[in-house]
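The values are calculated or read from the model by the stated rules, or taken from the named source; none is laboratory data. Computed from a predicted structure; not experimentally measured. Here Cβ is always computed from backbone atoms with ideal geometry, including for glycine, and neighbour counts include all displayed protein chains.
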Amino acid sequence: MIRLENLSKSFPDGDLFNNVNISIKRGMRIGLVGPNGSGKTTLLRIMLGKDSPDSGSVQVDKATSIGYLAQDIVAGTGRSILEEVLVSYPEVRDLEGKILTLSEAISKDPNNMDLVNKLGDAQHRFEALGGWNLEDKAKKILSGLGFSDEKFTEPMDVFSGGWRMRVALASILLQQPDILFLDEPTNHLDLEATIWLESFLANWKGGMIMISHDRAFLDRSINNILEIDLKKITLYHGNYTKYTEEKSLRIEQHRNAFRNQQKQIKDTERFIERFRSKNTKATQVQSRVKMLDKLEKVEAPTEQNHNMNLRLPQPSRSPLNVASCRNVVKHYGDIEVFNNLNMIVERGQKIGLVGHNGAGKSTLLKMLAGVESVTSGAVRIGSSVISAYYAQHQLEILDPNETVFESIQKVSQGWSETEMRTYLGSFMFTGDEIEKYVKVLSGGEKARVALARMLVQPSHLLLLDEPTNHLDMMTRNVVERALAQFTGSIVCISHDRHFLNNVTNLTCEVGEGGIKLFEGNYDYYEWKKQEEKQRKSERPKIKVETKGKFDYKERKKVRNRLSWIEKRFKTIEKEIENQRKISQDPANGDDYELLQKAMEFMTNLECEYLELMEEQEGLLANSA
């Protein structure tokens, strides 16, 4: 469908990519990856015809339709969301008007065959485009994206950015383009919407090119990777995990090829130097000189610094209870978000907030941060506890006319220049990069500046709202490692499941006016929810004996069994608490085998606890 031929693009500060030759065919779902600033969005815009290459061309097959979902938040309009989706199909709306006009003209001049023929052509085209049931299709798509029927008539400008993105996506899906172009489609979606979108894209039959830094999302939705790195563009087949494995293999092969060639060159140069002055070896010397001249050199491998570390200032020891919500009620007008919410954030806990859009995740985070008041009840931060809040809007409040250095200096309270440079270096700003003005930074670079500003002073409690948005893969890895090693407490919202799995040790499901805690990361939460669902559907019926049929010996057995169950409950609770301490101990952060064993042990204990509760209820009912 699309062919890139000898494509090159450069900016004043250097080349982005050179001599790119790639064909994109139907059925190829491509993830476009690479570091921030490598040229991903530029390449996307060149393929869309919105930017021009310096040389080469983009060939698009005739009649290939394109759908483009940009990264920017979609602006609101006064039209309803249903009208907004239908507007995306202008030919059908034009034909609808044309059919009406022709019908009125024919009613006045029924013998005008020219009008009759035009009406027939318009109706045939209208039917071919599915015009008769277009509105029904639009409603089905909107329903699939999570909109209830009553929302169809509401104006688009009352919806949040994430919901507007869904409307924009619905508009594209209604058109059923041959190829989709998606630029960071999950940036303004919650986790629930992200999972829906990846499921939809996994079944997309057309072509697709997508920029995303969400590893789990890429793994489930694409079948090819197009990598921009070191000014080269390489196509890999398979999902993101397979790409990382293949790239590691290629890097190792390249490193070996370079090493072997360097040895060959040195051996040849030694031979030439040794026998240069001997006439009997003149032929061999000249042969080797020519060989070196003709040798196609293997470029020295450029090692990416995957071991780069972000050193977060660590806080002093905090009290056990870092923050708490006591009997919190939160209303927005007639909308109830929380009703009698009780929650405690303890020292060392790293909590991931999950739940459907509108459940109250951001509201809970804002209440803990003190930027949102409660309707009743109380939110308390522990004595001497310092908290820090990171929200996505912090990128917007950075001063565009300050340099990176000046932006951090303003909040660093008298640090020396050396201390400043060292700190910024840990956030991957080195050399002259610290003199860059904020206004010229990429989204990922601005996110790093905002994080660095927030973390200048050691905090006991970090409150993070989508901290990895706009960050490339390598930076996400660095931030993940730093937060996993952080000794304080964290409460965070993220739609990146890889991030949640590597950073959090508890998952808090927000919804129905309250919360429910799960003692593990997102994978554990997902598994636990599935297990609960399965248990409900397969719960065995407890056989209840008829009252009065227990003799003395049987009653004694029941009493002994109930006594044992009570003791076992206490033992299980202690064992779960011990395993919880192991899973929450920062010293065990990198011992994944130990953490996995602890989680499995807790799961088995919880299952036993539930089974004993059912048995206890049955025995009590029989002995009553």
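The figures follow:
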{"quantity": "One residue from GLU91, GLU135 being under 30 Å from ARG3 (Cβ atoms), assigned to a helix (DSSP H, G or I) and among the charged types (D, E, K, R)", "calculated": "GLU91"}
{"quantity": "Top-ranked residue in region 258-279 [being in contact with a helix residue (DSSP H, G or I) (Cβ under 9 Å, 6 or more places away or on another chain) and among the hydrophobic types (A, V, I, L, M, F, W, C); ranked as farthest from MET291 (Cα to Cα)]", "calculated": "PHE275"}
{"quantity": "Where a residue in region 151-178 is within 29 Å of ILE24 (Cα to Cα) and touching a residue at least 40 places away in the same chain (Cβ under 8 Å) and its partner, wherever it lies, is in a helix (DSSP H, G or I) and among the basic types (Lys, Arg), with Cβ under 8 Å and at least six apart", "calculated": "LEU174/LYS137"}
{"quantity": "Among (1) exposed (fewer than 14 other Cβ atoms within 10 Å of the Cβ); (2) touching a Ser or Thr at 6+ places or on another chain (Cβ under 8 Å); (3) without any contact (Cβ under 8 Å) to a residue 60 or more places away in the chain - the single one VAL329 does not satisfy", "calculated": "(1)"}
{"quantity": "Any hit, region 263-284, residues being touching a residue at least 40 places away in the same chain (Cβ under 8 Å), over 30 Å from ALA484 (Cα atoms) and of a type in the set (Gly, Ala, Ser)", "calculated": "no"}
{"quantity": "SER57 being within 24 Å of ASP183 (Cα to Cα), without any contact (Cβ under 8 Å) to a residue 60 or more places away in the chain and among the small types (Gly, Ala, Ser)", "calculated": "yes"}
{"quantity": "Options ARG93, ARG166; residue that is crowded, with 17+ Cβ neighbours inside 10 Å and either outside the structural domain of ASN187 (by TED's automatic domain parsing) or among the acidic types (Asp, Glu) (or both)", "calculated": "ARG166"}
{"quantity": "Residue ID - nearest to THR234 (Cα to Cα), chosen from residues in region 26-51 that are basic (Lys, Arg) and either not assigned by TED's automatic domain parsing to the domain that holds PHE11 or not in a strand (DSSP E or B) (or both)", "calculated": "LYS40"}
{"quantity": "Region 499-523 residues that are outside the structural domain of THR475 (by TED's automatic domain parsing) and farther than 21 Å from LEU605 by Cα, paired with ones that are assigned to a strand (DSSP E or B) and aliphatic (A, V, I, L, M) (beta carbon under 6 Å, 6 or more apart)", "calculated": "none"}
{"quantity": "Residues satisfying the stated conditions in region 406-424, i.e. free of Cβ contacts under 8 Å to residues at least 40 places away in the same chain and within 13 Å of GLU445 (Cα to Cα)", "calculated": "LEU424"}
{"quantity": "Residue in region 1-38 that is surrounded by the fewest Cβ atoms within 10 Å (Cβ to Cβ), counting only those that are in contact with a helix residue (DSSP H, G or I) (Cβ under 9 Å, 6 or more places away or on another chain) and closer than 18 Å to VAL440 by Cα", "calculated": "PHE11"}
{"quantity": "Filter result for GLN284 (of a type in the set (S, T, N, Q), surrounded by 13 or more Cβ atoms within 10 Å (Cβ to Cβ), within 23 Å of LYS581 (Cβ to Cβ) and modelled with pLDDT of 85 or more)", "calculated": "no"}
{"quantity": "Within region 500-544, tally of residues that are polar (S, T, N, Q) and either on the phi > 0 side of the Ramachandran plot or at pLDDT below 90 (or both)", "calculated": "3"}
{"quantity": "Residues within region 61-83 that are outside any loop (DSSP other than H, G, I, E, B) and charged (D, E, K, R), tallied", "calculated": "1"}
{"quantity": "Of all residues making up region 347-402, the number that are surrounded by 18 or more Cβ atoms within 10 Å (Cβ to Cβ) and in a strand (DSSP E or B)", "calculated": "11"}
{"quantity": "Number of the condition not met by HIS188 [criteria: (1) closer than 27 Å to LYS205 by Cα; (2) not assigned by TED's automatic domain parsing to the domain that holds LEU44]", "calculated": "(2)"}
{"quantity": "Total residues in region 14-57, condition of a type in the set (Asp, Glu) and either under 27 Å from the mean Cα position of the chain (by Cα) or modelled with pLDDT of 90 or more (or both)", "calculated": "2"}
{"quantity": "Residue among ALA216, ALA257, ALA282 that alone is within 23 Å of the chain's Cα centre (by Cα) and of a type in the set (A, V, I, L, M, F, W, C)", "calculated": "ALA216"}
{"quantity": "Leading residue by the ranking (farthest from the chain's Cα centre (by Cα)) among those in region 260-279 that are more than 30 Å from LEU230 (Cβ to Cβ) and among the charged types (D, E, K, R)", "calculated": "LYS278"}
{"quantity": "Matching option when the condition is surrounded by 15 or more Cβ atoms within 10 Å (Cβ to Cβ) and not assigned by TED's automatic domain parsing to the domain that holds VAL33, among PHE258, PHE217", "calculated": "PHE258"}
{"quantity": "One residue from LEU295, LEU310, LEU365 being under 30 Å from ARG497 (Cβ atoms) and modelled with pLDDT under 90", "calculated": "LEU310"}
{"quantity": "Residue under evaluation ILE515, criteria (1) of a type outside the set (Phe, Trp, Tyr); (2) farther than 19 Å from ASN342 by Cα; (3) in contact with a Cys (Cβ under 8 Å, 6 or more places away or on another chain), criterion not met", "calculated": "(2)"}
{"quantity": "Residue list for region 447-498, restricted to those being part of a helix (DSSP H, G or I) and of a type in the set (Val, Ile, Thr)", "calculated": "VAL449, THR475, VAL478, VAL479"}
{"quantity": "Residues of region 435-452 classified as over 20 Å from ASP496 (Cα atoms) and crowded, with 20+ Cβ neighbours inside 10 Å, total", "calculated": "3"}
